[in-house]
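Below you'll find the structure, written out as structure tokens, and then a few comments.
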Amino acid sequence: MKNFKKIIAALLAGAMLMAFTACGTANTASETESMNESVAESAASAEDGASAADAADIKFATAGKLTMATNASFPPYEYYENEKIVGIDAEVAELIAQKLGVELEIKDMEFGSIIGAVQTGAVDMGMAGMTVTEDRLKTVDFSDSYATAVQVVIVKEDSEIATVEDLEGKKVGVQENTTGDIYASKDLGEDAVKRYNKGNDAVAALVSGVVDAVIIDNEPAKSFVAANEGLKILDTSYADEQYAVATSKDNTALTEAINKALGELKADGTLDEIVNKYIPAE
Ligand code: ARG
């Protein structure tokens, strides 16, 4: 299935173009490795001390608050635990807010609404395991990357689908408006793709046999597979991606302050600590 290969090649080229911290991979050990590299990089540039003073130039959607849009159905980045939104993004955002001297407010919305909310200034930032893509860069800015990810394929344990190529002619479930949706639609055709509001709904459709596979980010994939009997993740992975915080093109002061905060969190090991708490080494 040459079409698929072409798109993968194009995506990889795109990923390289963007090359923030390089070497994105599905496995936790190398994720930590690449994270450490960026720690070393930013250690040189990060300054000591609080950055609360920077907050002076920033326009906030609501004064005194850092308002973040997310879609809290994406473990381990954002999900509900006892009616509270927790996860890597929630914790990192909390620390960014602290460094800016404001309070964090999280607004849970559909994934497809986040970019618009950022663009119109209804919220200050979008943080949702969101992949930097050239298309999204046309409407919003992105901070430095804080994580790498990869799109993977989930199938039933006894599935005849063994590689990405075997997806041809199959029904594939995705979360609407995610990169999984974009790649699958482009490559397999609109008719092959069934879009769900949440990744977990796509996985439920796989369990009940409505779709043959789900294309989604690797870490949520691991959570969903762990929570459901009889599923597995294919070894063949798909496209490497970078997660970053989406901000308005009109709020450069905020983007810079977020980059400074992220640089500090990388340099002092806090980011690694948060990641390791949610993604224990295998
Ligand atoms: N990384 C993918 C994207 O940016 C999926 C993100 C979905 N995030 C979520 N919180 N539901 O399109």
Mean Cα-pair separation over length for segment 49-132, i.e. relative contact order, pairs under 8 Å, 6 or more apart, %
40 percent
Least to most buried among Asp158, Asp57, by other C-beta atoms within 10 Å and fewest first, runs Asp158, Asp57
If you average the C-alpha positions of segment 59-130 and of segment 229-248 separately, how far apart do those two centres end up, in angstrom?
20 Å
Can you compute the charge dipole magnitude of segment 84-239 about its Cα centre, using +1 on each Lys and Arg Cβ and -1 on each Asp and Glu Cβ, nothing else charged? Give it in debye, rounded to the nearest 20.
200 debye
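No lab work stands behind these numbers, since they all come straight from the coordinates. Since the model is a prediction, treat every value here as computed from it, not as a measurement. Ideal geometry is used to build each Cβ from the backbone, glycine not excepted, and the neighbour counts take in all protein chains shown.
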